[in-house]
Amino acid sequence: MLKIGLTGGIGTGKSYVSSLFNKWGAYILDADSIAKNIINHNETAQSELIAEFGTDVMGANNKIDKKKLARIAFSDEDHQLQLNIIIHPYVFDKIDATFDKVLSESKHDVFVVDAALIYESGANTHMDYVIVVTSHLKIRAERVMTRGGLSRNDFLQRVELQWPDKDKVHMADFIIHNNGTKDQLKVEAKKIYERLL
């Protein structure tokens, strides 16, 4: 079973490509959801986060408030690095355990780790191949603004903290350019998926 990293900055269309791969038979592990789950439910990780960032990240229910954590963690590179140092080992453990389980079931030929920070976290070294979904910044901004949830400033701040697309593209095994329609994206994604099988 191939272990594939699927990555791309916010607004590139990575999640849509992930959903297509899933439809075509890949097992998808959403690393960002796992990270959120760890922040919500793993008491050891929560204690580490509070020790690092203080009680400012706490919500009314004495749990970590993800919005408050995001505001602090995405304020600069040092804070983001500290967040990643705490959370990534837990995510890696979950990836390894899930991969072993899926491999033993022998139902899938492709195991995809869908993660925004494949390169930033060093997870790329654990993958057979990495696919980067890329898109012009202006188009990405329009997509994120249309979706709502993030202001233009928040979007630009997050882009600033992620590796530039050109660096990811330079290191990628496969690149999907998403500057057109969803149908065009589907065609590009299908070509790459078929090459993997």
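The values are calculated or read from the model by the stated rules, or taken from the named source; none is laboratory data. As the structure is a computational prediction, the values presented were derived from the model and not from experiment. All Cβ positions, glycine included, derive from the backbone under ideal geometry; neighbour counts span all protein chains shown.
Values for this structure:
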read-out	value
Per-region count, region 97-125, residues out of contact with any Asp or Glu (no Cβ under 8 Å at 6 or more places or on another chain), modelled with pLDDT under 95 and in a helix (DSSP H, G or I)	6
Residues satisfying the stated conditions in region 68-96, i.e. in a helix (DSSP H, G or I), under 18 Å from the mean Cα position of the chain (by Cα) and among the hydrophobic types (A, V, I, L, M, F, W, C)	LEU69, ALA70, ALA73, LEU81, LEU83, ILE85, ILE86, ILE87, VAL91, PHE92, ILE95
Residue that is nearest to ASN40 (Cα to Cα), among those in region 58-80 that are touching a residue at least 24 places away in the same chain (Cβ under 8 Å) and crowded, with 16+ Cβ neighbours inside 10 Å	ILE64
Scope region 15-30; condition assigned to a helix (DSSP H, G or I) and modelled with pLDDT of 95 or more; matching residues	TYR16, VAL17, SER18, SER19, LEU20, PHE21, ASN22, LYS23
Tally, over region 76-95, of residues that are out of contact with any Leu (no Cβ under 9 Å at 6 or more places or on another chain) and more than 30 Å from VAL112 (Cβ to Cβ)	1
Of residues in region 151-160 being over 16 Å from LYS67 (Cβ atoms) and surrounded by fewer than 17 Cβ atoms within 10 Å (Cβ to Cβ), the one modelled with the lowest pLDDT	GLU160
Any hit, region 132-150, residues being modelled with pLDDT of 90 or more, assigned to a loop (DSSP other than H, G, I, E, B) and farther than 24 Å from LYS191 by Cβ	no
Residue list for region 176-197, restricted to those being crowded, with 16+ Cβ neighbours inside 10 Å and either touching an Asp or Glu at 6+ places or on another chain (Cβ under 9 Å) or modelled with pLDDT under 95 (or both)	ILE176, HIS177, ASN178, LEU196
Residues of region 147-185 that turn out to be acidic (Asp, Glu) and over 25 Å from GLU77 (Cα atoms), as a count	2
